[in-house]
Structure formats: C-alpha cells, structure tokens
1. Please work out how much length the chain gains when fully extended from Arg190 to Thr175, using 0.36 nm per residue of separation minus the C-alpha to C-alpha distance, in nm with one decimal.
2. Consider a paramagnetic label point 7 Å from the Cα of Val239 along Cα→Cβ; state which residues of segment 126-153 have an amide N under 19 Å from it.
3. Work out from phi, with θ = phi - 60° and the Karplus expression 6.51 cos²θ - 1.76 cosθ + 1.60, the ³J(HN,Hα) of each residue of segment 60-70, listed in order in whole Hz, and give x for Gly and Pro.
4. Using helices alone, I'd like the mean residue ellipticity at 222 nm for the chain: each DSSP H run of four-plus residues gives -39500 (n - 2.57), total over residue count, nearest 500.
5. Test of understanding: given the chain, find the longest segment containing no GluC sites (Glu not before Pro) that are in a DSSP loop and have at most 16 other Cβ atoms within 10 Å.
6. Ignoring everything but the protein chains, give the 1.4 Å probe accessible area of Leu44 in square angstrom, nearest 10.
7. Rounded, prolate or oblate: which one fits segment 92-184, using the alpha carbon gyration tensor with axes a ≥ b ≥ c (rounded when a/c is under 1.5, else prolate when a/b beats b/c, else oblate)?
8. Given points 7 Å out from each Cα along the Cα-Cβ axis, report the Asp138 to Leu229 separation in nanometres with one decimal.
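The values are calculated or read from the model by the stated rules, or taken from the named source; none is laboratory data. This is a predicted model, so every value here is computed, not measured. All Cβ positions, even for glycine, are placed from backbone atoms using ideal geometry, and neighbour counts span all protein chains on display. Note: accessible area is taken over every heavy atom of the protein model, side chains too, but ligands, DNA and RNA are not part of it. Shrake-Rupley method; radii C 1.70, N 1.55, O 1.52, S 1.80 Å.
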Amino acid sequence: MLPFVPMVKGYFADDATRAERVQKLFDTIAPRYDLINNLQSFGLHHHWKRRFVALANPNVEDHALDLCCGTGDVSFALADSGTQVTGLDFSQVMLDYAKVRDELTRVTFQRGDALATGFPDNHFEIVTIAYGLRNLADFEGGLREMYRVAKPGGRIMVLDFGKPSFAPWRWAYFTYLKWMVPVFGKIFCRDAPAYAYIHESLEHYPAQDGVDQMLRNLGCHNVAIHRILGSAMTINYGVK
Ligand SMILES: C[S@@+](CC[C@H](N)C(=O)[O-])C[C@H]1O[C@@H](n2cnc3c(N)ncnc32)[C@H](O)[C@@H]1O
C-alpha cells in the first residue's frame with residue numbers, strides 16, 4: 001500500500017509551513033515579479049502605489065519603514081519625497097532585485113521578518129505594508145509590530161487586494177484572480193500555482209473591514225478605508 005502523501009495544493013498553507021512556502025514563492029517569482037504585476041493590473045498598480053504613498057504624506061524629516069518591500073516600488077516612491085526609508089523583506093532574491101533598481105542607493109534594504117523586525121519601539125513616522133499583510137502567518141501580529149515601531153502620531157498603512165461588497169463585481173473580480181491570473185504565472189514563470197496563490201490567500205484574509213477593526217483594536221485613531229475600483233484594492237489607514 002502506498003504511504004499517505006498530503007496533497008500540496010500550491011504555495012498557500014494555513015499552518016506552520018506558511019512563512020516557508022511564501023518565502024519560496026517569492027524567491028521563485030522574483031525575476032518576473034515586476035513584469036507580471038504590470039500585466040495582471042494593466043499597469044494600474046503604479047497608480048495605486050502612488051496614491052498609497054501620497055496618503056502617507058512623507059516629508060524630508062520622516063523615517064519610513066516599508067515592510068514586505070519586495071522589489072521596492074513603495075520604498076522608492078517614499079524616498080522620492082526625501083524621506084529616509086528602510087525596506088524590509090524576508091526574500092533575499094526580491095531584495096537583490098530591489099537593490100539593482102536602487103541606482104542612487106536611496107533606500108536601506110535589509111532582510112528580516114515583518115512579524116519581528118527588531119526595530120525599537122516608537123521609531124518611524126510612517127510604517128507601510130503593500131501586498132504584504134495578506135502573506136503573513138499572523139495578520140494581527142503584523143499590525144501589532146507596525147504599531148509598536150510607529151512613533152505616536154505615526155501613520156500605519158496597508159495596501160492590498162480587497163473584497164468588493166457588490167456581489168456581481170466581487171464575482172467577476174474573484175473569477176479573474178482565480179482563473180486568469182494563474183495563466184500569467186503559467187506563461188511567464190511556468191508556475192501557475194504561484195499566481196493561484198493570490199486568490200487562495202485573499203480567501204483567508206480579513207481584507208479591508210477586518211484590518212480596519214484590528215487597527216481600531218490596537219488603539220489607532222483617524223482610522224479609515226480608502227477604496228479603489230469598488231474595493232478591488234483597498235488602503236487601510238490609521239494613526240498611532
Ligand atoms: C506581493 S510582494 C509585495 C512587494 C511590494 N511591497 C510591492 O507592493 O510590490 C510580498 C512580499 O512580502 C514578502 N514577505 C512575505 N512575508 C514576509 C515576512 N513575514 N517578512 C518579511 N517579508 C515578507 C515577500 O518576500 C514578498 O517580497
């Protein structure tokens with residue numbers, strides 16, 4: 001009789017192997033990450049990230065921490081305002097691509113875990129996480145760490161895929177994520193499960209309303225949700 005082999009659906013796992021699998025996923029797709037982002041969002045992710053950074057209102061005196069920085073889009077946009085930026089990610093391969101893009105070495109990129117950054121309490125005026133919180137093994141733990149390292153008055157901001165409340169739009173959007181986006185992964189990375197992961201992880205993510213509640217529970221004020229394309233993308237905002 002054959003030994004029992006657990007069925008591996010892909011990169012998503014709702015158990016202790018989650019971080020390890022997510023890291024492997026991003027190490028694998030790093031060379032094509034920026035290209036597929038452009039294709040799957042029709043180039044719109046640049047606009048969403050610019051809006052996200054504008055809401056953070058960065059200035060030259062600020063220190064910003066960009067968690068799950070990946071190849072650095074948000075880190076660079078924050079640095080454009082003269083803000084001192086640290087970009088942190090646990091995928092060395094994603095960081096290597098970020099460093100290649102950082103010709104002027106404006107950003108300090110470092111390897112680390114968003115759930116335990118090692119930075120002191122009350123340290124940053126801005127703490128961002130773009131398309132990162134959904135990937136963490138502990139969403140509340142990630143927000144707790146963001147709150148801990150933010151200065152009083154510091155902005156805590158999350159950009160991620162949202163869950164539209166208008167049912168027909170949600171159906172169309174989830175259908176696109178579930179069936180079309182993996183095709184990009186298959187064609188450009190030879191790895192459909194890597195891009196099926198977006199839909200799988202979103203199903204397990206509390207999204208804009210859950211994150212809003214968690215920010216309130218942490219004691220943030222000025223808590224708000226900014227909705228893009230009928231909540232296909234959302235920005236959660238809170239001030240420590
Ligand atoms: C979808 S990418 C987002 C990259 C970038 N922020 C952007 O918007 O393009 C998610 C990133 O989160 C990183 N990541 C996931 N879990 C992490 C963790 N626990 N600690 C640090 N980085 C993590 C991955 O390595 C990956 O680079």
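1. Working: separation 15, 0.36 × 15 = 5.40 nm, distance 2.07 nm.
3.3 nm is the gain from fully extending Arg190 to Thr175.
2. Once the point is set 7 Å along Cα→Cβ of Val239, 126-129, 146-153 turn out to lie under 19 Å by backbone N, inside segment 126-153.
3. Along segment 60-70, the couplings run 5, 7, 7, 10, 10, 10, 10, 7, 6, 5, x Hz.
4. On the way: 10 runs with 103 residues, N = 240.
Result for the chain, helices only: -12500 deg cm²/dmol.
5. Numbers: sites that count: Glu61, Glu103.
Between exposed loop sites, the widest span is 104-240.
6. Number for this one is 70 Å².
7. Values: a/c = 2.42, a/b = 1.45, b/c = 1.67.
Verdict is oblate for segment 92-184.
8. Simple spin-label model gives 3.3 nm for this pair.
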